[in-house]
Protein chains: 2
Amino acid sequence: MSSGLNIQIDRSSPVPLYHQIVQGIETAIHSGSLEPGTRLENEIDLAQRLNLSRPTMRKAMDELVRAGLLVRKRGVGTQVVASQVRRHLELSSLNDDLERAGKKPTTKSLSFSHGPADERVQALLQLPPGTEVYHFTRLRSVAGKPLAIMENWVRDDVVSFEEETLNERGLYEILRTAGVNFRLANQRIGAMVANDYQAPLLKVKSGSALVTMERTAVDDTGRNVETGSHVYRADSYSFEMTLVQR
Amino acid sequence: MSSGLNIQIDRSSPVPLYHQIVQGIETAIHSGSLEPGTRLENEIDLAQRLNLSRPTMRKAMDELVRAGLLVRKRGVGTQVVASQVRRHLELSSLNDDLERAGKKPTTKSLSFSHGPADERVQALLQLPPGTEVYHFTRLRSVAGKPLAIMENWVRDDVVSFEEETLNERGLYEILRTAGVNFRLANQRIGAMVANDYQAPLLKVKSGSALVTMERTAVDDTGRNVETGSHVYRADSYSFEMTLVQR
DNA sequence: GATGTAAATATGTCCTAACAATCTATTGAC
DNA sequence: GTCAATAGATTGTTAGGACATATTTACATC
């Protein structure tokens, strides 16, 4: 079964060629023109037909394999994965995720302070002596329905801002604007039951299930810029991800 | 600050060169000889010094960047990440994880059956007509302490086994032995509170927090081999992971 | 009919080479 | 002194080629 893959390559575009391929195949899969289970043409033919070198084609396929859209097997070929592939758990903020999903999240600041960090936060952010932190708590809602309580600590040598800003823009958006380029984050997902402080804020009964998430984010200079501890209503939120065998 | 990185390369080894580099740098970081924040030599020099081509060196570094151990910045250089990097959330089973951690998990089968799948499982596994499934529930404990209740469905055209086998070996181990090569998995992590069935099995009070995980695993031929729905005691289990910016 | 062998096919690894884009630090002009 | 242009350093992208290794298929042999 030949794939009949037809991708437009624009060599004058600033978008790297391999990324154009990634987008092209992604689109073909999501649009249904590449059905699950389809075997792709082999790398060499495909590269030749699109006037690309094999390394470029391979780099594109590598990305798709890592993203979980394709499966490769030596000596056999490359196949479209036969499953509804979920978006990879990306390094993004809740705010971004919601906006991308077409929702309109609102945020309300519950507390805001600026000063020295306690020992735990100092260790998590590996703060240099003298560096202080912003510490704040926010309630995020969608369509009037509370979704998450978010407590965060941000080092004050990367950005400076006021409490009001947090009501208008997402934290990651603020940090990106300030020139912070996030590269990776360590996070831990668990569960707890809502206590008497959380329950009324999230409009759930005390004792309801909550998803917890703790995250520390690192920027491209290697600094631990931000750490946070969030809780989500379990009936409205869960973490989806695709794991790929290395 | 030069890194003084010294890695032994064995060209007669069957282990790919780029993977030897990955291991070498990983070891150097974990052993402390490459401290967090250290700038590595540039790719070209490093490749030359180890008698490798730059693409090979880059491939190794790519992996380490994806694994969250290194951070690269164009025009600047490559740095060791200044954070305690957690192991990436891998495509592995709970049993594997526990054994790797030195624990000795025990498993008790709670139910076992073989027959046609219901609609939901049929869709999740994209079962071809006529294919049936094994359906079973297990309780996993560590040091006598119950940790998780695991309900799984496995298509019967990849493996055949008995209930007793599940008490002795992990599911993924059984499947791998049967020649299944897992490539990726889609999973969703959430939370719930323990109901009256779960609570006594896990030896927690009804209403305690549980972490939930649903997973469907795909093998190297693109088949959805297995799907499962697990619950974990929230006081003993959480999911840790490193997210990397693409 | 079962079994082993070889060829065809596909991905995996590795190399050399060149140029582009970005960031830093320095230099020079005003 | 300040700001802009520039040079150097470093990673990012792309090309083309060669050989290795795994898998399947077809064929020959027993």
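The values are calculated or read from the model by the stated rules, or taken from the named source; none is laboratory data. Remember, predicted model here, so these are calculated numbers, not experimental data. Neighbour counts run over all protein chains shown; Cβ positions are idealised from the backbone, glycine included. Accessible surface is based on the protein model in full, side chains and every heavy atom, while ligands, DNA and RNA are left aside. Shrake-Rupley method; radii C 1.70, N 1.55, O 1.52, S 1.80 Å.
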Scan segment A:219-242 for residues that are assigned by TED's automatic domain parsing to the domain that holds A:P105, within 30 Å of B:T78 (Cβ to Cβ) and of a type in the set (S, T, Y) and report the count.
2
Please enumerate the residues belonging to segment A:174-217 that are among the hydroxyl-bearing types (S, T, Y), open to solvent by 50 Å² or more (accessible area, probe 1.4 Å) and under 16 Å from the mean Cα position of the chain (by Cα).
none
Go over the candidates A:L210, A:L243 one by one and state the one that is of a type in the set (A, V, I, L, M, F, W, C) and closer than 19 Å to A:S141 by Cα.
A:L210
Does segment B:124-134 contain any residue that is open to solvent by 60 Å² or more (accessible area, probe 1.4 Å) and in a helix (DSSP H, G or I)?
no
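Residues are listed down the side, and each one gets a yes or a no for (1) outside any helix (DSSP H, G or I); (2) within 13 Å of DNA strand C (Cβ to nearest atom); (3) open to solvent by 80 Å² or more (accessible area, probe 1.4 Å); (4) farther than 21 Å from A:T242 by Cβ:
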{"position": "A:Q8", "(1), (2), (3), (4)": "yes, no, yes, yes"}
{"position": "A:S13", "(1), (2), (3), (4)": "yes, yes, no, yes"}
{"position": "A:A28", "(1), (2), (3), (4)": "no, no, no, no"}
{"position": "A:D45", "(1), (2), (3), (4)": "no, yes, no, yes"}
{"position": "A:M57", "(1), (2), (3), (4)": "no, yes, no, yes"}
{"position": "A:L64", "(1), (2), (3), (4)": "no, yes, no, no"}
Positions within segment A:218-232 being within 9 Å of chain B (Cβ to nearest Cβ) and open to solvent by less than 30 Å² (accessible area, probe 1.4 Å), in sequence order
A:V218, A:D219, A:D220, A:G222, A:N224, A:Y232
For segment A:158-173, which positions are over 24 Å from the mean Cα position of the chain (by Cα) and open to solvent by less than 70 Å² (accessible area, probe 1.4 Å)?
A:E163
Out of all the residues in segment B:47-55, is one or more within 13 Å of DNA strand C (Cβ to nearest atom), part of a helix (DSSP H, G or I), open to solvent by less than 20 Å² (accessible area, probe 1.4 Å) and at pLDDT 90 or above?
yes
State the number of residues belonging to segment A:30-40 that are open to solvent by 40 Å² or more (accessible area, probe 1.4 Å) and either at positive phi or in a loop (DSSP other than H, G, I, E, B) (or both).
3
Between a residue in segment A:35-60 that is within 14 Å of chain B (Cβ to nearest Cβ) and more than 30 Å from B:Q126 (Cα to Cα) and any residue that is in a helix (DSSP H, G or I) and more than 8 Å from DNA strand D (Cβ to nearest atom), which pairs come within a Cβ distance under 6 Å, given they are 6 or more apart or on different chains?
A:R54/A:E43; A:R54/A:I44
